[in-house]
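Q: Sharing a structure with you now.
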Amino acid sequence: MNVARIMPAKTLLHIFPTFAVGGAQTRTVTLANRLGKKYRHIIVAMDGVYECAEKFDPGVDFEIRRLEFTKNDTLANIALFRRCLKQWQPDLLLTYNFGAVEWLLANFFGHTPHIHTEDGFGVEESGAIQLPRRVWLRRIGFMFGKQLIVISLTLHDIAAKIWRLPARKV
């Protein structure tokens, strides 16, 4: 008798600055809805807003995880997020935009496979105006084992020329 093995669903840990309805959030929900039961999704919104979760189809395996942390206490947050990664053991860490940069640093040595996506910038930062602190945090965060996905050639040029990320990472 040929018995098919049932593989457990892969766990994807998504870290968003917010999970309010927006481009990256809607794109993630659309993909999760299409991927179905092959993946389990853990959603963390750094601001505690989860409005876009209402868009998940009923059959999608997702979980909202709320974390208590102190904003602007980067070192303590990195330590907390490292503990979360160790405890939750996701198969893939997906971070979105600068608001999730502390998770990029928490996974500094890339123990968890990691993809970071940049969709654009807030009013404090634009293609022409890049905040030096953020440029350096991005450079440091991408040193080991992470990939960056950008949604435009403009963002690609910023990642390559201003952030100075190697082409193999973008």
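The values are calculated or read from the model by the stated rules, or taken from the named source; none is laboratory data. Keep in mind that what you see is a predicted model, and the values were worked out from it rather than measured. Quick reminder, even Gly has a Cβ in these numbers, built from the backbone with ideal geometry, and neighbours come from all protein chains shown. SASA here: full protein model, heavy atoms, side chains in, ligands and nucleic acids out. Shrake-Rupley method; radii C 1.70, N 1.55, O 1.52, S 1.80 Å.
Q: Could you check Val123 against (1) more than 18 Å from the chain's Cα centre (by Cα); (2) not in a loop (DSSP other than H, G, I, E, B) and say which number it fails?
A: Of everything listed in (1) more than 18 Å from the chain's Cα centre (by Cα); (2) not in a loop (DSSP other than H, G, I, E, B), Val123 misses just condition (2).
Q: From the list Arg34, Arg82, Arg27, pick out the single residue that is of a type in the set (Lys, Arg), in a helix (DSSP H, G or I), over 23 Å from Ala9 (Cβ atoms) and open to solvent by 60 Å² or more (accessible area, probe 1.4 Å). Write out each step before concluding.
A: Details: Arg34 fails: over 23 Å from Ala9 (Cβ atoms); Arg27 fails: over 23 Å from Ala9 (Cβ atoms).
Matching residue, one of Arg34, Arg82, Arg27: Arg82.
Q: Oh, and also: Conditions first: (1) of a type in the set (A, V, I, L, M, F, W, C); (2) within 16 Å of the chain's Cα centre (by Cα); (3) open to solvent by 50 Å² or more (accessible area, probe 1.4 Å); (4) at pLDDT below 95. Phe62 passes all but one, so which condition is the exception?
A: Single failed check for Phe62: (4).
Q: Then there's this: Would you check if Gly48 is in contact with a Gly (Cβ under 7 Å, 6 or more places away or on another chain) and open to solvent by less than 80 Å² (accessible area, probe 1.4 Å)? Break it down into steps so the answer makes sense when it comes.
A: Working: in contact with a Gly (Cβ under 7 Å, 6 or more places away or on another chain): no; open to solvent by less than 80 Å² (accessible area, probe 1.4 Å): yes.
In short, no.
Q: Quick one: count up the residues across region 145-162 that are hydrophobic (A, V, I, L, M, F, W, C), within 14 Å of Leu93 (Cα to Cα) and open to solvent by 30 Å² or more (accessible area, probe 1.4 Å). Can you show your working first?
A: First, the residues of region 145-162 that are hydrophobic (A, V, I, L, M, F, W, C): 148-151, 153, 155, 158-160, 162.
After this cut, where a residue has to be within 14 Å of Leu93 (Cα to Cα) as well, the list is 148-149.
Still in the list and also open to solvent by 30 Å² or more (accessible area, probe 1.4 Å): 149.
Count: 1.
Q: From the list Thr70, Thr18, Thr95, Thr11, pick out the single residue that is assigned to a loop (DSSP other than H, G, I, E, B), in contact (Cβ under 8 Å) with a residue 24 or more places away in the chain and among the polar types (S, T, N, Q).
A: On the way: Thr70 fails: in contact (Cβ under 8 Å) with a residue 24 or more places away in the chain; Thr95 fails: assigned to a loop (DSSP other than H, G, I, E, B); Thr11 fails: assigned to a loop (DSSP other than H, G, I, E, B).
It is Thr18.
Q: For region 98-119, give me the residue count where each residue is aliphatic (A, V, I, L, M), without any contact (Cβ under 8 Å) to a residue 60 or more places away in the chain and either surrounded by 17 or more Cβ atoms within 10 Å (Cβ to Cβ) or touching a helix residue (DSSP H, G or I) at 6+ places or on another chain (Cβ under 6 Å) (or both). First the steps, then the outcome.
A: Within region 98-119, the first condition is being aliphatic (A, V, I, L, M), and the residues that meet it are 100-101, 104-106, 115.
From the residues that got through so far, the ones that are without any contact (Cβ under 8 Å) to a residue 60 or more places away in the chain too are 101, 104-106, 115.
Applying the additional criterion that residues be either surrounded by 17 or more Cβ atoms within 10 Å (Cβ to Cβ) or touching a helix residue (DSSP H, G or I) at 6+ places or on another chain (Cβ under 6 Å) (or both) yields 101, 104-106.
Residues in region 98-119 being aliphatic (A, V, I, L, M), without any contact (Cβ under 8 Å) to a residue 60 or more places away in the chain and either surrounded by 17 or more Cβ atoms within 10 Å (Cβ to Cβ) or touching a helix residue (DSSP H, G or I) at 6+ places or on another chain (Cβ under 6 Å) (or both): 4 in total.
Q: Can you tell me which residue is modelled with the highest pLDDT among those in region 120-134 that are open to solvent by less than 60 Å² (accessible area, probe 1.4 Å) and among the charged types (D, E, K, R)?
A: Arg134
Q: I need the full set of residues from region 136-170 which are assigned to a loop (DSSP other than H, G, I, E, B) and closer than 17 Å to Asp119 by Cβ, in order please. Outline the logic, then answer.
A: Residues of region 136-170 that are assigned to a loop (DSSP other than H, G, I, E, B), as a first pass: 142-145, 151-152, 163-166, 170.
Selection gives Phe142, Ile151, Ser152, Trp163, Leu165, Val170.
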